Amino acid sequence: MSDMIDFDERAAKAIEAMYLTPDVVGQRTHVMAAMALRPGMSALDIGVGPGLLVHDMGKAVTKDGSVTGIDMSRPMVEMSAQRCADMPWVTVEHGEAEQIPMANESVDVVVSTQVYEYVSDMGAALHEAKRVLKPGGRIVILDTDWDSIVWNSSNRERMEKVLKVWDAHLVDPHLPRKLPHLLHQAGMTVTRRELIPMFNPDWNPHSYSGGIMRAIQGFVSGRDGVSEDEAQAWADDLKAMGANGQYFFSLNRYLFVAVK
């Protein structure tokens with residue numbers, strides 16, 4: 001793992017709030033459609049986070065199916081387990097992408113959203129995903145390429161400095177461009193590629209960009225030459241852009257489906 005955010009209880013609640021924004025709710029709809037889950041199917045969510053996706057997966061497979069979710073963060077595991085407490089066919093446990101605690105060829109679908117960019121050994125992670133997939137099963141992956149970000153600012157130099165420091169919270173901030181090759185190396189065939197933009201043309205503190213702004217400010221403040229005052233000035237500038245009608249945010253996420 002990288003020098004990433006500590007996904008403690010406070011961070012888990014902040015991520016939950018971000019994942020409830022319309023931007024991420026729409027993203028989740030795309031992911032669910034790509035999985036094409038049906039009653040009776042079995043599925044695995046790698047990196048469940050606050051459990052919103054795994055809860056939708058549980059509803060899709062019904063009590064005739066099964067869903068397992070894993071996460072390295074125990075607060076995330078606890079939050080997800082509580083969210084799915086009314087579905088005994090959904091199990092959430094502590095686990096890592098490189099060592100999935102499941103039997104060979106045991107699931108129809110594997111999904112991982114915004115997780116693999118934190119993983120150091122992607123070769124091992126994808127081989128593990130392939131191992132637990134049944135023959136003909138599919139994996140759905142969604143991750144961000146942080147070079148795709150467009151964020152209007154009155155101080156471009158400061159923006160670039162902040163985003164460069166933010167990149168350090170990931171192992172690979174540019175993973176999507178490498179995924180087709182990595183999936184091929186793992187012995188899987190890519191069948192679908194899709195661009196999912198996170199687009200906020202206006203300022204809204206309850207949007208995805210409002211949430212990620214707070215996360216970025218908290219991470220970069222006092223780190224690698226970005227002072228607390230500089231991080232605050234960066235955030236204040238973006239809010240001022242919103243107040244005078246100049247706010248603009250866009251970020252691309254990339255969805256891949258591959259078959260075993």
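The values are calculated or read from the model by the stated rules, or taken from the named source; none is laboratory data. Fair warning: this is a prediction, and the values are worked out from it, not measured in the lab. Note that each Cβ is placed from the backbone with ideal geometry, even for glycine, and that neighbours are counted across all protein chains shown. In case anyone asks, the SASA skips ligands and DNA or RNA and just uses the protein heavy atoms, side chains included. Shrake-Rupley method; radii C 1.70, N 1.55, O 1.52, S 1.80 Å.
Selection of first residues in the stretch 214-229 that are aromatic (Phe, Trp, Tyr) and of second residues that are not in a strand (DSSP E or B), restricted to Cβ pairs under 8 Å at least 6 apart or on distinct chains, gives the following pairs, ordered by first then second residue: PHE219/ILE5; PHE219/VAL165; PHE219/TRP166; PHE219/HIS169. Is there a residue being under 18 Å from MET198 (Cβ atoms) and in contact with a strand residue (DSSP E or B) (Cβ under 6 Å, 6 or more places away or on another chain) anywhere in the stretch 166-176? The answer is yes; a qualifying residue exists. Go through (1) within 25 Å of VAL226 (Cα to Cα); (2) more than 15 Å from the chain's Cα centre (by Cα) one by one and return the number of the condition THR191 breaks. So THR191 meets the others, but not (1). For the stretch 248-258, the count of residues that are farther than 20 Å from ASP143 by Cα and of a type outside the set (A, V, I, L, M) is nonzero. For the stretch 172-212, the set of residues classified as modelled with pLDDT of 95 or more, open to solvent by 50 Å² or more (accessible area, probe 1.4 Å) and in contact with a Pro (Cβ under 9 Å, 6 or more places away or on another chain) consists of ARG193 only.
The residues of the stretch 226-259 that are open to solvent by 60 Å² or more (accessible area, probe 1.4 Å) and of a type outside the set (A, V, I, L, M, F, W, C), listed by number, are GLU228, ASP229, GLN232, ASP236, LYS239, ASN244, GLY245, GLN246, TYR254. Restricting to the stretch 213-253, and then to whatever is part of a helix (DSSP H, G or I) and among the aromatic types (Phe, Trp, Tyr), can you tell me which residue is modelled with the highest pLDDT? Among residues in the stretch 213-253 that are part of a helix (DSSP H, G or I) and among the aromatic types (Phe, Trp, Tyr), the one modelled with the highest pLDDT is TRP234.
Scanning the stretch 107-127 for residues that are over 20 Å from ASP56 (Cα atoms) and open to solvent by less than 40 Å² (accessible area, probe 1.4 Å) yields TYR116, GLU117, TYR118, VAL119, MET122, GLY123, ALA124, ALA125, LEU126. Whether any residue in the stretch 13-20 is basic (Lys, Arg) and modelled with pLDDT of 90 or more is what I want to check. No.
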